[in-house]
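Below you'll find the structure, written out as structure tokens, and then a few comments.
Each value in this text was obtained by applying a stated rule to the coordinates, not by laboratory testing. Computed from a predicted structure; not experimentally measured. No Cβ is skipped: glycine too gets one built from the backbone with ideal geometry, and neighbour counts run over all protein chains shown.
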Amino acid sequence: MQFSTIPDHTEVKEKLTDLVNNNRLSHALLFLGKEGSGALPMAIAFAQYILCERNQGSGKEAPPSLFIEEAASTPLAWTDSCGVCTTCIKANQLIHPDLHFSYPAIKRDSRHDKVLSTDYAAAWREYIVENPFGNVGDWLDFLKSNTKLKIENPANKQGNITVHECEDILRKFSLKAFENKYKILIMWMPEYLGPMGNKLLKLIEEPPPDTLFIFVAEDESSILPTILSRTQLIKIPLFDHNTICESLVKMDNVDEVKAAQIATLSEGNMREALQLLKHSEEDWHDLLKSWLNVSYKNSVITLLPLLDELNKLGREKQKQFLKYFIHITRQAILLDYVQDAESSQIPTKEIELALNINKFCGLEAKEAVIDEMEKSIYYIERNAHAKMLFHALTIRLHYIFKDKSLILVQ
Ligand SMILES: [Zn+2]
């Protein structure tokens, strides 16, 4: 993976290449970026940049040292890996023997006691090439739904970076690099590392020469503090609106109006934008209208089939649906402040639904609705029972709505 395959993020790329070019690299980095910010592809592109043969001298001279404690040698001036040398080709296919990955994995069956990331190496390569912006839920779903892996009881399995995995890392890094001067570990989601992750501290504190550890995380507060304090922080921001628009137009030939709508909904999260694009044929409008009516009337007869329908959507679409509701509620808030809905640039279908919400929701109620939806998305991501969640949510919506006027959504 090259830097050029990641849209924009120019400042981060410059910062990273500057670290290398000015020998200011430390041995442990923390790439911290929210879901959909591209922190993982950035780490992979950076690893390839370091490993690339072009960055290691012509072969006639010793490769330069990149690390902070060693005196500056020939500075590197490239802004990206070459993409064509043998090393780049291997790194690009994620098969370079000096580029190691560690990520949450699940126990296959009762016969396998030791859970290692490399047990799923082939699946990982397949997954990352297709979903560089995916989150850990996507990855674990990908494993669980892969029948070739024969995972026992997949629904109940939780992802982990295990003590055995830590021991495996210690073993790998006690060996010399195979082909390259450098040896790199990318650990994705160190949030899944329990206290046994402290086994890695000595390795991080006293790293063998020419080794680099890149931790790629979304949530700083869930990382072991001992690891956090020993890493150099590289923040990866979310993408800006135009970058998402341009990427969608370029990648999938999406028309500009649709790309702009998706970019607004995705709020800088590339994963979200790609998911929205994938499900953009889904029209949530009618389903939301039915749900609003059912919530308002609190009618059990119409509620049950609707709960079945919501349940069948599956986790990803349930989240998209709730996000659509948040989006419409925000449009409703916006409409409270504009004189004339026509000039608001909101699509007609959304105006109709938003105006209906305004008939029975004041500002406080709309804020309460958004709050409930955001909490529910959080619970769905953590495998909440969908039917129970939507049932409880319907009741709460009824309470939010019921003090208001009696006008129903038509
Ligand atoms: Zn190269």
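Once the Cα atoms are used to define both axes, helix 348-360 deviates from the longest principal axis of the chain by about 60 degrees. Between the helical axis of 300-312 and the dominant principal axis of the chain, each derived from Cα atoms, what acute angle in degrees is found, rounded to the nearest 10? That helix lies at roughly 20 degrees to the long axis.
Between D219 and K359, the contour length at 0.36 nm per residue exceeds the Cα-Cα span by 46.5 nm. By the helix-only formula, in which each DSSP H run with n ≥ 4 contributes -39500 (n - 2.57) and the sum is divided by residues, the chain has a 222 nm mean residue ellipticity of -15000 deg cm²/dmol.
Projecting the Cα atoms of L238, A354, W284 onto the charge dipole of the chain, computed from C-beta unit charges around the Cα centre, puts W284 farthest toward the positive end.
Can you tell me how much longer the chain between C82 and V338 gets when fully stretched, taken as 0.36 nm per residue apart minus their C-alpha distance, in nm with one decimal?
87.0 nm
Relative contact order for the chain: what percent, with Cα pairs under 8 Å and sequence separation of 6 or more? Relative contact order here is 18 percent. Here S4, S247, S26 are placed in order of increasing Cβ neighbour count within 10 Å, fewest first, which gives S4, S26, S247. Rounding to the nearest 10 and keeping the result within 0 to 90°, find how far the Cα-based axis of helix 163-172 lies from the longest principal axis of the chain. Between helix and principal axis, roughly 30 degrees.
Model label sites at E381 and N253, defined 7 Å from Cα along the beta-carbon direction, differ in position by 3.4 nm. For E167 and I395, the FRET efficiency from 1/(1 + (r/R0)^6), where r spans their Cβ atoms and R0 equals 41 Å, is about 0.25.
Using a simple spin-label model with pseudo-atoms 7 Å out from Cα toward Cβ, N293 and N198 lie 5.9 nm apart.
Exposure proxy shown here: for S37, S117, the number of other Cβ atoms within 10 Å sets the order, fewest to most, as S117, S37. How much net charge surrounds A263 when only other residues with a Cβ under 11 Å from its Cβ are counted (Lys, Arg +1; Asp, Glu -1)? After counting each charged neighbour, the total is -4.
Rounded to the nearest 20 Debye, what is the dipole magnitude of the chain about its Cα centre when Lys and Arg each give +1 and Asp and Glu each give -1 at the C-beta?
The dipole of the chain has a size of about 1200 debye.
Among the DSSP beta bridges whose two residues both lie in the chain, what percent are antiparallel, rounded to the nearest 5?
Among the beta bridges of the chain, antiparallel pairing accounts for roughly 5 percent.
Taking other C-beta atoms within 10 angstrom as a stand-in for reagent exposure, F325, F178 fall in the order F178, F325, fewest first.
Grab the beta carbon distance between N311 and K235, set R0 = 45 Å, and tell me the FRET efficiency rounded to 0.05. After rounding to 0.05, the efficiency reads 0.70.
Assuming 0.36 nm per residue, please report the length gained on full extension of the stretch E205 to I370 beyond their Cα-Cα distance.
That pair, E205 and I370, stretches by 54.9 nm at full extension.
Other residues lying with their Cβ under 10 Å from the Cβ of Q275 contribute a combined charge of +2, Lys and Arg counting +1, Asp and Glu -1.
At an R0 of 51 angstrom, the distance between the Cβ atoms of D403 and E126 translates into a FRET efficiency of 0.45.
For E152, neighbours were defined as the other residues whose beta-carbon sits under 10 Å from its Cβ, and their charges (Lys and Arg +1, Asp and Glu -1) total +4. Assign one of three labels to the range 146-241, namely rounded, prolate or oblate, based on the Cα gyration tensor with a ≥ b ≥ c the square roots of its eigenvalues; rounded applies when a/c is under 1.5, prolate when it is not and a/b is larger than b/c, and oblate otherwise. Since a/c reaches 1.5 but b/c is at least a/b, the shape of the range 146-241 is classed as oblate.
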